[in-house]
Structures are given as C-alpha cells and as structure tokens.
Amino acid sequence: MHRLPWKWAWLPLLLLITAKLEQVGGKRYLDWARTDSQLTRLPFFGGGVGHLLRYLHPLSMSPPSERGKISELRSELDANYVSYRGAQLWKLNFNATRGSSMEEREEDDEAPEERQVLASPDAQFNEVVALFGSEVWNINQDGIDILIEQRNVADARKFMDKVGYSYNIMIDDIESAIDESYVEVPAVEHPLDSVRNNSLPWMEVPGSTMNWRRYHDQADIKQFLQTLLETYSENVELIQIGVTRNKRPLEVIRVSNGNPDNWAVFVDAGLQARDWLSPAALTYAISKLIYLWGRPKGKAKGEGQRQSRAEKAMRRIDWYFLPLANPDGYQYSRHTDRLWTKNRGYDSVSGCYGVNLDRNFDYGWDGTGSTSNPCKNLYRGAHSFSEPESRAVRSFLSGMREYLGGYVSLGGYGQTITYPWGDADYVTENQRDLKQTARRAVLALRRLNQAEYSSGTSYRQKLARPGNSADWVQDRIGPQLVFNMFLKDQGRYGYLLPPHYIVESGEEVFEFLRTIAQQL
C-alpha cells in the first residue's frame, strides 16, 4: 500500500467534507472562496482542518433552513465541539444599579443561602439570574443580558410568568445564531460594501484574503499584517512582543512616519476570545489608516477640510496595533466552543483550561467580579500577570512609558466608551481630558452613522472589571488618554453579531482613533 506524500494528507478529509456538504439539501454547497466572480488563490492548508474549513463556505450559499446541518458538520469534525442548541439569550428589562458585579453570578456554585445578593431594583430579577442563568453577558441601559441553557428555559419562563416581570428573548436559539456568525455576506448585499465604485478602496488589499464580509481566523489576520508590511514597508513595521502558550505569536503592527517627536497610541483587540468583532473592526481601521496615509496630501475626496486636518493629526502619531491579543482563545472559539472567552492556559490541579485576560492585570487583581476557580469564565489566574499574553503587553507598554500618549482596548459589546476607574467611583488626575475626549467621540460617532454610544467611567457604566488592562495602564504607565471602547451592539445579538456589521464597526473604530489623534 502506497502512502500519500504528507502535503496531500488532507485530501481524503477534503473528499469526506465534500461528500458531507453534498448531503446538505441534496445539493453541492462547496465554494472555493469565491469573491464576486473571480476565484482567489488557494493557500497551503498548513493550519489543519480548521484552516481548510474556512475556504468552504456552505453557510453563505445554503438557505437558512439548512444551516443547522452545518453545526452538525462542525461537531463531526471536532469531537470536543460545544453545541448551544436550544440555549437562549434573554434581556431582563429593568434599569440595573450596581452593587457587586452581575458577572459574579456565574462564578457562584454555592447553596442558595450562600449566594451573594446582587443589587437591583427587584431581588426577584436577581433570583432568575441566580437560578436559571448560566452567565451574565452584559448590563446595559435596557437591563441585564443573560444566557439561559436549554435545560433551564422552560423553568425560567414559568418563573417570569409567575412574578409577572418583563423580559425579551433576544436570541431564541444560540446555535442558530452561531451558524449565522460564520456566514460570508455577499458583496451585493453588504450595506456599506461599495468597493466597485471605489468609495471604500481600503477594503481591497492585494495579496490578502481579508475582505471584512466575514469573520476571519488567526491565519488570515497574520497574513493580512504580513501583506501590509510587504506593501507599505516605508511606514509599517511588525513587532513580535511575545508568544502564547500554544506558541502563536503576539504581533504588533506599527504605523509611523518615523518622527521621533511623535506621541504613541497603543490599541489592542480581542482580549476576550468570543469577541470576534473587535479584531475584525480594528483590522478594517488599520487598512483604512494605512491607505489614507499613503494617499497624496490634500483635500479628502468627498469629505471636507475637517477630515483633512484629522488625517494630518493621525500622521503625527506612532500607532501600535495588537489586533489579536488572545489568538489561542480566538482560534478555540472558532473551531470548538464559539462562546469561549479565556486563553488556553492549563491548570493541572483542576484539569480546566483558560484564564480571563481582562482579569489578569495587577491593578485591582483578586477583586469582586473575578474568581479563583480555574473552571469559570472569570478566572483571574493563579496570580497577576500569570499569562504570557498579559505579560507581553505589560513589558511592551512599560518600555513606552516616556512617549505613550494613549491606550485603547477594544471589545464587545455595549456601545459605550469608558475610562478609569473601574473598582470604585474615584476621579483620575486626567479625568477632565478623558471625559472631554469621550464626549467628542460620542458626538462624532453620532454624526458618522447615528450610532448611539454612551460614555463615562467603567464603574458608572456598570462595566467594572477587577484586574482589567485599562486600569493598570492608567495606574502604572499614566498616559494622557486611556479608554475601553465597547463596540456594537446593545444586546440584540451580543457576542454573536452577524458579519453585516463589521464594516460599520470598523468605521466607528477609525472615527474614535481620529478623535484621539486630534485630542493629542
């Protein structure tokens, strides 16, 4: 029996996948990464099954009624695949007040009499969270977004009918929403994708597979950064600031005119693995920034002098972007557990994986709203900076102390711009600048596309997180501006925002960065 050469070892798997896809609705839904009418270059599938699968786009071609079968295919390809079939996202409709963090609920497995009471206008809302909610996703102006597992849905409905309080089912089947997050939006259907008339020319990056009509995996993002380096080597530099536990590089892309007097701004995205939107939106903003940077100076086409002045301000900044701050967790969320939020560190005592990176910085570490249980989503780590990702950011930013003018951490979701502090209602020395810049950004986003963002301290916006990166940067590095920007939406989709919103969110990120540049 002859063995196939190693580079063809994936061929039998490809044939198996093809056969499976032919079973979906009795049709072939195999599509080799077609963009419009042209076939893109097929890359080497060195990334394994997951790398191969992203070039098979049955979701973008199959009717909605057939898409449930695609999640079955994913589960067949990964024995550890986590299904959320029948789980729901609820919004409990009341204006929450802040006591201990609502996120703390998911860490509490004690008996009912030992549970901490969460502050709210009505304790019975806390009870439904404690009894039926597997995780609190967010607290916003409308209420509390909670994930209800399938086994608890019926009992939760009975409870809410009994107490007579208001709630909305935002997503009636989480697994179906997960399927939708893998769809590639056809160019003709995209609300802002008008590349053909050259209104968004930065969406075409020759040599890159990035198109911002779908969520791309880590290999695509890495290749996108490499393409920018090769194409714009005069202004672009790639810096590896560390590696993850799974040996994936943590790559920062620097965009600069080389002026030693420039202020620096550091922007990261994707600390939470299930947050696919912020890496997508940031890479879009990077592409737009670099395209406009290289354009001849002068008045911007179709826009006024305001943009010209703003772009000039952006060129006086040394931009440092970390588009994927948690690549291990991100890839795991793409292939195995879509709602995974931690990194992939392993705890040998419990046998559980992952540390929540936005709880691992040492300012406020070990506070309320995190847990010492390695099996929980809010696990803070054995000690502060226990993880290679947070240590890499710490080391890199510490070396920028003298010239770091701003820090921004992008994440999902909530449509709010926050600044320190998150642990209590304190005032920072630079709060006037923070408040003013945030308000200007809110107005700019409203002008851009009628996006309604709120602003304020993390504490007052009910987004306090002990051990978060922004509070640590404010405390230890002390730049002029420190922000978290929580992107779309306000709870309709939560972490499962369809890819239709990527470009719109990327424009919002770019507008926020432009506001920061003008302020500096």
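With a ≥ b ≥ c the root eigenvalues of the C-alpha gyration tensor of the stretch 240-282, is it rounded (a/c under 1.5), prolate (a/b larger than b/c) or oblate?
Values: a/c = 3.25, a/b = 1.60, b/c = 2.03.
Oblate is the answer for the stretch 240-282, as a/c is 1.5 or above yet b/c matches or exceeds a/b.
Amide H to amide H, which residues 5 or more places from ASP489 or on other chains are under 5 Å from it, using H placed in the peptide plane?
Residues meeting the amide H criterion: GLY414, GLY494.
Would you please state the base-10 log of I(q)/I(0) at q = 0.08, 0.12, 0.13, 0.19 1/Å for the stretch 362-515, with intensities from the Debye formula using one equal scatterer on every alpha carbon?
At q = 0.08, 0.12, 0.13, 0.19 Å⁻¹ the computed log10 ratios are -0.24, -0.54, -0.63, -1.27.
Could you give me the ³J(HN,Hα) list for the stretch 506-511, computed from phi with Karplus coefficients 6.51, -1.76, 1.60 and θ = phi - 60°, whole Hz, x at Gly and Pro?
Coupling constants for the stretch 506-511: x, 5, 5, 4, 4, 5 Hz.
Place a point 7 Å from the Cα of LEU229 along the Cα-to-Cβ direction; which residues of the stretch 370-390 have their backbone N under 20 Å from it?
Answer for the stretch 370-390: 389.
Residue by residue through the stretch 359-368, which ³J(HN,Hα) values in whole Hz follow from phi under the Karplus form 6.51 cos²θ - 1.76 cosθ + 1.60 (θ = phi - 60°), with glycine and proline marked x?
Coupling constants for the stretch 359-368: 10, 9, 7, 8, 7, x, 4, 6, x, 4 Hz.
Binned at 5 Å from 0, what are the whole-percent values of the Cα-Cα distance distribution for the stretch 449-520, short to long?
So the P(r) values, bin by bin, are 3, 12, 20, 22, 22, 14, 6, 1.
Taking a 28 Å limit on the Cα-Cα distance, which of the listed pairs LYS312/LYS435; LYS247/LYS435; LYS222/LYS342; LYS247/LYS462 fall beyond it?
LYS247/LYS435; LYS247/LYS462
When only C-alpha pairs under 8 Å and at least 6 residues apart count, what is the relative contact order of the stretch 439-520, in percent?
Across the stretch 439-520, relative contact order equals 37 percent.
Long-range amide H contacts for VAL243: which residues qualify at under 5 Å (H placed 1.01 Å from N, peptide plane, sequence gap of 5 or more or a different chain)?
For VAL243, whose amide H was placed from the backbone, the distant partners under 5 Å are LEU250.
Using the basic label-point model (7 angstrom from Cα toward the beta carbon), what is the LYS158 to GLU452 distance in nanometres?
3.7
Just order 322-331, 347-356, 488-497, 400-409 by mean Cβ neighbour count inside 10 Å, highest at the front, would you?
Highest-to-lowest ranking by the protection proxy: 322-331, 488-497, 400-409, 347-356.
Name the shape class, rounded, prolate or oblate, that the alpha-carbon gyration tensor gives for the stretch 156-279, where a ≥ b ≥ c are the square roots of its eigenvalues, rounded holds for a/c under 1.5, and otherwise prolate holds if a/b is larger than b/c and oblate otherwise. Write down the numbers at each step before the final one.
On the way: a/c = 2.46, a/b = 1.74, b/c = 1.41.
Because a/c hits 1.5 or more and a/b exceeds b/c, the stretch 156-279 counts as prolate.
Quick check: from the Cα gyration tensor, does the stretch 406-446 come out rounded (a/c under 1.5), prolate or oblate?
It comes out oblate by the Cα gyration axes.
The numbers here are math on the coordinates, done by the rules we state, and not lab data. What you see is a predicted model, and the numbers here were worked out from it, not measured in a lab. For neighbour counting, all protein chains shown are included, and Cβ atoms are generated from backbone atoms with ideal geometry for every residue, glycine included.
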